[in-house]
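The values are calculated or read from the model by the stated rules, or taken from the named source; none is laboratory data. Keep in mind it's a predicted model, so treat the numbers as computed, not measured. Note that each Cβ is placed from the backbone with ideal geometry, even for glycine, and that neighbours are counted across all protein chains shown. With ligands, DNA and RNA removed, areas are computed over all heavy atoms of the protein, side chains included. Shrake-Rupley method; radii C 1.70, N 1.55, O 1.52, S 1.80 Å.
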Amino acid sequence: AGMNYLVIRDDFGGWAGRTPNFNYWALADGVALGDRQAAFKGGLGVDTDLRVLAPAQVTLHQDTFTNTQCEAAVGARHQQKYGKPFSETYSLCRIEGQKGQGFFVVLFPRKPDEPAPVIEPWQGTSGVKVTWKGETHFVLLDTQEHEIKADGIKAKAAALVVKVTDDKDWSLSLPLGGAASFRGQALKSAGPVELAVVDGKVRKAEGANLQEMRP
């Protein structure tokens, strides 16, 4: 169904009492650690690539955990199908960070026979560029507003998403509001707004600010 991934920023507000750790567990047959990245071999036919964009210095650790607890009905089906008691093995990538600093991480699931994505820093440690199967996404995700003039994008925002498939299909989103322009189209809003170009036709949609909504 296309590119489906998570961009996660976790900020600790300058707190330096402990060294933070980012833990990602996956139901996987194993995990291979690299330079600021980890590759999970999925146990259910879906692999996951993990890339650490921030902080500047990290140490990656790996571990496994086997779970033998489940509902009685699930255990019975497992015993009948496989001839042995239920168990699931999880692989862990633990990212040891830096005191007083948060994390900026991308998790990209894909099928084993699909190519790995190219995940690169964009706008320093405030954004990420993700390229996969000829499609390119630019994602800005921070806790403060930035002024951007890069890759044809002009913006003043704290969060921004630009998705480019080709000349006739692309989108520009401001999840937290702000101002931005791309390929001759401009957006400005105090709340969430998106402009999408589909087969050369422009459509605009505004959303509710979930941070300001009350029960």
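Overall, the chain carries a charge dipole of about 220 debye about its Cα centre when +1 sits on the Cβ of Lys and Arg and -1 on the Cβ of Asp and Glu, all other atoms neutral. From the largest down, the chain spans 62, 46, 42 angstrom on the principal axes of its Cα atoms. Farthest towards the positive end of the charge dipole of the chain, among the residues I95, V164, G191, is the Cα of G191, using unit charges on the Cβ of Lys, Arg, Asp and Glu.
Remark: the chain carries 59 Å² of accessible area per residue (probe radius 1.4 Å; ligands, DNA and RNA excluded).
Taking the longest Cα principal axis of the chain as reference, the axis of helix 72-82 is set at about 70 degrees. For the chain, relative contact order (Cα pairs under 8 Å, six or more residues apart, normalised by length) works out to 16 percent. Backbone amide hydrogens, once placed in the peptide plane, bring A54 within less than 5 Å of F104, excluding anything fewer than 5 places away on its chain.
Pairs from the list K129/K154; K133/K201; K149/K188; K111/K168; K99/K154 with a Cα-Cα gap above 25 Å: K111/K168; K99/K154. Among P115, P85, P20, the largest mean-square fluctuation in a Gaussian network model of the chain, built with springs joining Cα atoms closer than 10 Å, belongs to P85. Each residue, W15 and N67, gets one label point 7 Å from its Cα in the Cβ direction; the gap between the two is 2.6 nm. Using only Cα coordinates, the Kirkwood hydrodynamic radius of region 97-213 works out to 15.3 Å.
Each peptide in 49-62, 152-165 gets a packing score, the mean of other Cβ atoms within 10 Å over its residues, and the list from highest to lowest is 152-165, 49-62.
Here's the picture: charge each Lys and Arg Cβ at +1 and each Asp and Glu Cβ at -1 in the chain, and of P112, A38, H137 the one pushed furthest to the positive end of that dipole is H137.
Helical runs (DSSP H, four residues minimum) scored at -39500 (n - 2.57) apiece and divided by the length of the chain put the mean residue ellipticity at 222 nm at -1500 deg cm²/dmol.
All other residues whose Cβ lies under 15 angstrom from that of K111 are scored, Lys and Arg at +1 and Asp and Glu at -1, for a net of -2. A Gaussian network model of the chain, with springs between Cα atoms under 10 Å, assigns the largest mean-square fluctuation among G17, G43, G102 to G17.
In summary, region 103-163 shows an alpha-carbon radius of gyration equal to 1.19 times the 2.2 N^0.38 Å reference for compact globular proteins.
As a fraction of the 1.4 Å probe accessible area of the chain, surface on carbon and sulfur atoms comes out at 48 percent.
In order along region 12-26, the phi-based Karplus estimate (6.51 cos²θ - 1.76 cosθ + 1.60, θ = phi - 60°) of 3J(HN,Hα) comes to 9, x, x, 5, 10, x, 9, 7, x, 10, 10, 10, 10, 9, 9 Hz; Gly and Pro are listed as x.
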